[in-house]
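These notes are about the structure you will find just below.
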Amino acid sequence: MNSPERTTAISLWRDRRFRRFWAGQSVSQFGDRITELALPLIAVSALNATANQVAWLTALIWTPNLLAIFLGAWVDHQAHKRRLMILADLVRSAVLLSLPVAHLLGAVTLGQLYAVALLTGAAGVLFNTAYPPFFVRLVPRESYVDANSKLSASRSASYVAGPAIGGALIQALTAPVTVVVDALTFLASAVLVGRVSIDEPPAASDNTAAPSLMQRAREGLSFVVRHPILRAGLGCAATVNFFTFVAGSGLIVLFASRSLELSAGVIGIAFGIGATGSLLGAVLAPKVSRRFGVGRSIVVGAVLFPAPIAIAATADGPLWLRAGALAAAEFLSGFGVMLFDVNLNSLQAAVIPDGMRSRVAGAYSTINYGIRPVGAIVGGLLATFIGLRPTLLIAAVGGALSLLWLLPSPIPRIRSLAPNSTADIAGDADDDQRPVPC
């Protein structure tokens, strides 16, 4: 069993198409870390934005996901998914470039920041709904976990080094000018994706009366709800995301500063150390899934992602212990989220039929990502009325309870993604899409 796995891992790095796509996504991820730091800083430093206005800036980035169910239904009927991904990258680049231009003209406004957040978020939804059909045409089925591991590893590395690079660039160039870097990374991604050739099937035939956009969107949601693996995975992911956004990075930073009395430098170091957990989790996810199974890895990740928030929430004692607790919580949480994401994304790619990929992705995103701003708002209200520490503990316990979605489902029994299984564990999925149980 190990020999084919090694061959697959090597072949991905030898695959020029995958390398190009991986390079484009890696560069783009580093650019995103810069903009995530730059946008709030522009709002706070240049426009004197309030905490509520900054919170709205974050919420607007995620708001377009509420319409992902309809966008995914539309994308499924488009023949050229790769072109849509390129278009999404070009739109994000152009929108971001408007900020340094406005800065040079002395015309940056809060309304423009909101528009940038909304439009880049919408383009991101377009990219993400076109991505699943592209991914399965690019990567062999037996390499899904390995490919997701490599893509997630570069994303995790961006969280380790990206904030430090972004901070240095912002200090040297100012936040609006630094946004140019992210705009250029999207241009690089568009060029690299454009050079990845894949065989795309033709769009759905229009010989018969085509279903309406609403009907196609309903079909995508219905497929997720009826499918035992997708239903459990979505319920678990949405629950985890709700509670982790209740905690939110902003509340954790506020708690670390005010309650743990850590300096900004110590918080930054703790978060940097913690971010290495994500990188390690992404790299080790294929080995863990081979050893314990894809399903069990998802189960462990679902708990390990939110539960460590409690370590930070209960921290006390000397400075080294408080800082160490924060770093440990971030490290374990980062490892858990990668174990969860790499394996769950691969499993979903294995069980969704080709004709449903974008609309299922849209339905999934509407619920899974649409719940995030709700969690952030609830977290702010809880922190205001009951305090930071109890809010973080609620987030840790509530997030860990997402496990209850998985236990009665087929997911814990799934061992691998081999296509030759005849085991009836994937509900109404096609036979050649069914994973192998333990």
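The values are calculated or read from the model by the stated rules, or taken from the named source; none is laboratory data. The structure presented is a predicted model; accordingly, all values stated were derived computationally and were not measured. Please note: Cβ atoms are built from the backbone with ideal geometry, for glycine as well, and neighbour counts cover all protein chains shown. Surface accessibility is based on the protein's heavy atoms, side chains included, excluding ligands, DNA and RNA. Shrake-Rupley method; radii C 1.70, N 1.55, O 1.52, S 1.80 Å.
Worth a mention:
- Inverse mean reciprocal Cα-Cα distance (Kirkwood Rh) of region 29-119, Å: 14.6
- Solvent exposure of region 9-165 as accessible area per residue, Å², 1.4 Å probe: 43
- Loop-located trypsin sites (Lys or Arg not before Pro) across region 110-181 with a Cβ neighbour count of 11 or fewer within 10 Å are lacking, with loop assigned by DSSP.
- Shape analysis of region 25-69 places it in the oblate category; the axes a ≥ b ≥ c from the Cα gyration tensor give an a/c of at least 1.5, with a/b not above b/c.
- Using the Cβ-Cβ distance between Leu104 and Ala164 with R0 set to 30 Å, the FRET efficiency works out to roughly 0.70.
- Size descriptor, Kirkwood hydrodynamic radius, that averages inverse alpha-carbon separations across the chain, Å: 22.3
- Förster radius 45 Å - calculated FRET efficiency between Leu319 and Ala79, Cβ distance, rounded to 0.05: 0.15
- Of the trypsin sites (Lys or Arg not before Pro) found in region 13-71, not one falls in a DSSP loop while having at most 11 other beta-carbon atoms within 10 Å.
- Computed from point charges on the beta carbon alone (+1 for Lys and Arg, -1 for Asp and Glu), the dipole magnitude for the chain about its Cα centre is near 500 Debye.
- Computed [θ] at 222 nm, deg cm²/dmol, the chain (DSSP H ≥ 4; -39,500 (n - 2.57); rounded to nearest 500): -25500 deg cm²/dmol
- Region 93-216 shape via C-alpha gyration tensor axes, a/c threshold 1.5: oblate
- Under-5 Å amide H pairs with Ser416, H placed in peptide plane, nonlocal only: Val294, Val436
- In sequence order, calculated HN-Hα J values of region 59-70 (Karplus, 6.51, -1.76, 1.60; Hz; x Gly/Pro): 5, 5, 5, 8, 4, x, 5, 5, 9, 4, 4, 7
- Among the protein heavy atoms of the chain, carbon and sulfur supply 66% of the accessible surface, probe 1.4 Å, non-protein parts ignored.
- Mean Cβ neighbour count within 10 Å, used as a protection proxy, ranking 114-126, 361-373 highest first: 361-373, 114-126
- Summing charges over all other residues whose Cβ lies under 13 Å from the Cβ of Thr58, with Lys and Arg as +1 and Asp and Glu as -1, gives 0.
- Protection proxy ranking, peptides 166-172, 21-27, 315-321, average beta carbon neighbours within 10 Å, highest first: 21-27, 166-172, 315-321
- Ordered by 1.4 Å accessible area with all protein chains kept, Asp354, Asp89 run largest first as Asp354, Asp89.
- Only protein heavy atoms count here; under a 1.4 Å probe, Glu142 has an accessible surface of about 120 Å².
- From phi via Karplus (6.51, -1.76, 1.60), per-residue ³J(HN,Hα) for region 252-262 in Hz, x at Gly/Pro: 5, 5, 4, 5, 4, 6, 8, 8, 7, 6, 9
- Karplus-derived 3J(HN,Hα) values for region 127-144, using 6.51 cos²θ - 1.76 cosθ + 1.60 with θ = phi - 60°, are 4, 5, 7, 7, 5, x, x, 5, 4, 6, 7, 8, 10, x, 3, 5, 10, 4 Hz; glycine and proline are entered as x.
- Accessible surface ranking that places the most exposed of Ser278, Ser212, Ser45 first, with a 1.4 angstrom probe: Ser45, Ser212, Ser278
- Spacing of the two label points (7 Å from each Cα toward its C-beta) at Asp354 and Arg17, in nm: 1.2
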